[in-house]
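Asker: Got a structure for you, questions after.
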Amino acid sequence: MTGKLAIAISGGPRPSEIVEILVKAEKLGYESGWVAEGHGGDQFAIIASAASKTEHLKLGTAISSIFVRTPPTVAMAAATLDDISGGRFILGLGSSHKVQVEPEHGVPYGKPILRTRETVDFVTRLIADGEAGIEGETISIERFDLWFEPLRKKVPLYLAGLFPKMLEAAGEIADGIILTRSTLKTASTIRASIATGASKAGRDPADIAITSLLPTSISENRTAAFDAMRPGLAFYLGFFPRYNRLVSEHGFAREAAMVAEAWIAGDVEEAARRVTDEMLDATGIVGTPADARAKIAAYRASGIDLPILSPFARGPKAYETFHYVLDACAGA
């Protein structure tokens, strides 16, 4: 049984190569392509280029940080990409992380859930009405108006979330949730939080799409696939407190703490060695092509509406890695 499948790119390939990857994804039947930003290039520019070279592939941001762009620029970018793509754009928003926002962008980080709510409120009203203002706790904008008519008055909006408060917000104000590093138990455990938020807004929780970014490493050699995935998880556990908490709550508290200990001590290689096969297998798609296709099916059966393959690929072979993953999982 097949279903919807997506690909996400978080850097590694050059921007022009990411466009080529998304073009190929459409040809192979993938439902959507998602572009992160971080240090990987301007996501909106990349999506605009991909939109001009594709016809059916949905295109989304996974995610765009609410702290590093103002709400008007986010709204203008969303309306612009929706217009260029002919209504295929999905705006994925998230709060990012304090350890990124402040040292890397020089922007104060605080009250992420409230800022998310206020950003969503402003962005959706600006696109719908053509003008908006807000006097909130985290955002104050007197008035901003659009000088063009958006293609759609409502652009689909997904929120990145990991824990109950943001999941509730997604149930209340978003069209979908973007999870990451999910296990086969995640979808069932988060539904209560989504339903709580949906009930506050009088919405049907079944209308909120559940998607997940799934770290992916595939090789005919299982050992090589697992080894290639260790550095990525070590980085996430060592650098991002929120992801360390997430994996700890998945049942790997001791292991996650040990990885972080080595990372903080500056021993990146030891941190990667401390990442176990069990941690990798539980929180992503890793192994042979057959393993990967079976795991995709398992994620769907667990309640993930849209599995999003997310290879962690850096260096000169990043471009080839994405092509290999696309081919290996096409039609799954």
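Asker: Could you pull out the residue among Pro164, Pro150 that is at pLDDT 95 or above, out of contact with any His (no Cβ under 6 Å at 6 or more places or on another chain) and over 25 Å from Ala298 (Cβ atoms)?
Answerer: Values: Pro164 fails: over 25 Å from Ala298 (Cβ atoms).
Criteria check complete, one pass: Pro150.
Asker: Here's something else I'd like to know. Suppose we filter Tyr109, Tyr158 for residues that are under 26 Å from Thr216 (Cα atoms), modelled with pLDDT of 95 or more and aromatic (Phe, Trp, Tyr); which single one remains? Break it down into steps so the answer makes sense when it comes.
Answerer: Working: Tyr109 fails: under 26 Å from Thr216 (Cα atoms).
The unique qualifying residue is Tyr158.
Asker: Hey, can you tell me all the residues within the stretch 25-39 that are surrounded by fewer than 18 Cβ atoms within 10 Å (Cβ to Cβ) and under 16 Å from Ile7 (Cβ atoms)?
Answerer: Going residue by residue through the stretch 25-39, those that are surrounded by fewer than 18 Cβ atoms within 10 Å (Cβ to Cβ) are 27-29, 31, 38-39.
Within the stretch 25-39, Lys27, Leu28, Gly29, Glu31 qualify.
Asker: Hey, another quick one. Can you name every residue in the stretch 41-67 that is in contact with a helix residue (DSSP H, G or I) (Cβ under 8 Å, 6 or more places away or on another chain) and part of a loop (DSSP other than H, G, I, E, B)?
Answerer: Result: Gly41, Asp42, Thr54, Glu55, His56, Leu57, Ile66, Phe67.
Asker: Oh, and also: Among the residues of the stretch 68-78, is any at pLDDT 95 or above, in a helix (DSSP H, G or I), surrounded by 16 or more Cβ atoms within 10 Å (Cβ to Cβ) and not aliphatic (A, V, I, L, M)?
Answerer: Yes, the conditions are met somewhere in the stretch 68-78.
Asker: Considering only the stretch 13-24, how many residues are surrounded by 20 or more Cβ atoms within 10 Å (Cβ to Cβ) and touching a Lys or Arg at 6+ places or on another chain (Cβ under 9 Å)?
Answerer: Final tally of qualifying residues: 2.
Asker: Out of (1) surrounded by 17 or more Cβ atoms within 10 Å (Cβ to Cβ); (2) under 19 Å from the mean Cα position of the chain (by Cα); (3) among the aromatic types (Phe, Trp, Tyr), what's the single condition that is false for Phe252?
Answerer: Unmet for Phe252, out of (1) surrounded by 17 or more Cβ atoms within 10 Å (Cβ to Cβ); (2) under 19 Å from the mean Cα position of the chain (by Cα); (3) among the aromatic types (Phe, Trp, Tyr): (2).
Asker: Tell me the helices (runs of 4 or more DSSP H) entirely within the stretch 263-324 that contain at least 3 residues that are in contact with a strand residue (DSSP E or B) (Cβ under 7 Å, 6 or more places away or on another chain), modelled with pLDDT of 95 or more and within 23 Å of Glu31 (Cβ to Cβ). Spell out the reasoning first.
Answerer: Numbers: elements: 268-273, 277-282, 289-302.
In the stretch 263-324, the matching helices (runs of 4 or more DSSP H) lie at 289-302.
Asker: Determine which member of the set Ala201, Ala169 is surrounded by 15 or more Cβ atoms within 10 Å (Cβ to Cβ) and either outside the structural domain of Thr61 (by TED's automatic domain parsing) or closer than 29 Å to Arg88 by Cβ (or both). It would help to see each step written out before you state the result.
Answerer: Working: Ala201 fails: surrounded by 15 or more Cβ atoms within 10 Å (Cβ to Cβ).
The match here is Ala169.
The values are calculated or read from the model by the stated rules, or taken from the named source; none is laboratory data. Since the model is a prediction, treat every value here as computed from it, not as a measurement. Neighbour counts are summed over all protein chains in view; Cβ atoms, including those assigned to glycine, are modelled from backbone coordinates with ideal geometry.
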